[in-house]
Amino acid sequence: MGTWQMLKMEKESLLAAYSRPDILFTHGHGVYLYDSDGKKYLDFTAGIAVNALGHCDPGAVQVLQEQSQKLWHCSNLFYTEPPIRLAGRLTEATFADKIFFANSGAEAVEGAIKLARKWGHEIKGEECHEIIAMQNSFHGRTMGALSLTGQNKFWQGYDPMLPGIRFAEFNNLDSVSRLVNKDKTCAIIVEPIQGEGGVHVASTPFLQGLRRLCDANDCLLILDEIQCGMGRSGRFCCYEWYDIEPDIMVLAKPLAGGLPLSALLVTQDVADHIKPGQHGSTFGGGPLTTAVADYVVGRITDPAFLQHVAAMGDHLLKSLQLLQDELPAIKEVRGQGLIVGVELNIPAKKVIEVCTDFGLLLCPAGDHVLRFLPPLIVDKKQIEEAVEILEDAIRECLVPTGEN
Ligand SMILES: Cc1ncc(COP(=O)(O)O)c(C=O)c1O
């Protein structure tokens, strides 16, 4: 079947939940994706911060092949080796004492809501169920995660949301403290770097202030590091930049390098409030995904790997800042490590379309922000190539219609 017929069939048979270009990708290698016409694209979306090791990393492929010949699934009724090994690796690399595995980011966020409420009920009583989230945040599409997402556009048509969620202003500590109620608040949830919301990095006084606020009011600090965690910021966990530790953290996207797996990481104090039968998942933590994740986490926690991410992040940020000096269409460049946002004075959608034509894939983050999320293995030359394509694409978008 040809590409055109495939795309026609897609429109006839798949729910129109996504808007995507008429390109059919057939394979990927490292930082590159290839379409059905053989055209090569520099992939600076990494599957929305998922393919941390790039496409088809040989080591990950080998682990996947080996595990696929041993055991795929036998449910959480029984023990298997890979999730136990992975949990050990994650507790060693982070603040966490205990881990729960799920399948997607939103599902891990649901788990965080449940655990925070259970902890609140048992420590402070039935009244303690409120969670403070941030305006402009993104935590996922399930009803609980959506209720924590501080962007109305994602709510439309799905009301009512979960009760007991209150929204404060990101990077404004006073706005959070005004909402904290010692008897009712069980948790505060925040992304150290808001990704979907436009790439906004939390300030150090803000995150440290949230930690103090939680301690003073006996509530839990939940960090959503689904997009900014696992090496993307240049440290394994983004919170390491802030010299704080959360009580609960959620990880997902890059955890299994492209297979669906998420994790809820908690302190012993939180873990003590879950007994067998009180939370679960059929697929969560299966041997196939966790075997690959064990390999991925092993690679990313290597200090040399993290140094590479930090160095490439600096190079990307600086190269984009130099471009900003040349092009007034760029309003701001911001980010940390390999999550970088470029805010434009012109619509992001058009620039992304032209970049795609020129062989560079980028994500939007709102109407005017381009989001750079390359695989963490990206090199200097690929960054320079991407910035050159961006420059050409913005210049092309600035040519008055009729002349191009
Ligand atoms: C910070 C953050 N939290 C949660 C999610 C939801 O993850 P998933 O799409 O795997 O459910 C996302 C997805 O973009 C995210 O960026």
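The values are calculated or read from the model by the stated rules, or taken from the named source; none is laboratory data. For clarity, every value in this text was computed on a predicted model and none was experimentally measured. Cβ sites come from the backbone with ideal geometry, for glycine too, and all protein chains shown count toward neighbours.
For THR149, which of the numbered conditions (1) among the hydroxyl-bearing types (Ser, Thr, Tyr); (2) farther than 19 Å from SER262 by Cβ; (3) touching a residue at least 12 places away in the same chain (Cβ under 8 Å) fails to hold? THR149 satisfies all of (1) among the hydroxyl-bearing types (Ser, Thr, Tyr); (2) farther than 19 Å from SER262 by Cβ; (3) touching a residue at least 12 places away in the same chain (Cβ under 8 Å) except (2).
Listed by position, the strands (runs of 3 or more DSSP E) contained in segment 207-314 that have at least 2 residues being within 16 Å of the ligand (Cβ to nearest atom), closer than 30 Å to LEU33 by Cβ and within 20 Å of the chain's Cα centre (by Cα) are 248-251, 262-266. Please specify each residue of segment 135-150 satisfying the condition of being more than 11 Å from the ligand (Cβ to nearest atom) and in contact with a Gly (Cβ under 7 Å, 6 or more places away or on another chain). Across segment 135-150, the qualifying residues are GLN135, ASN136.
Please state which one of THR204, THR185 is more than 15 Å from the ligand (Cβ to nearest atom), more than 22 Å from ARG141 (Cα to Cα) and touching a Cys at 6+ places or on another chain (Cβ under 8 Å).
None of the other options fit; the residue is THR185.
I need a count of the residues in segment 63-112 that are within 16 Å of the ligand (Cβ to nearest atom) and assigned to a helix (DSSP H, G or I). Final tally of qualifying residues: 8. With respect to ILE394, is the statement that it is assigned by TED's automatic domain parsing to the domain that holds ILE23, more than 23 Å from the chain's Cα centre (by Cα) and β-branched (Val, Ile, Thr) true? So ILE394 passes the test.
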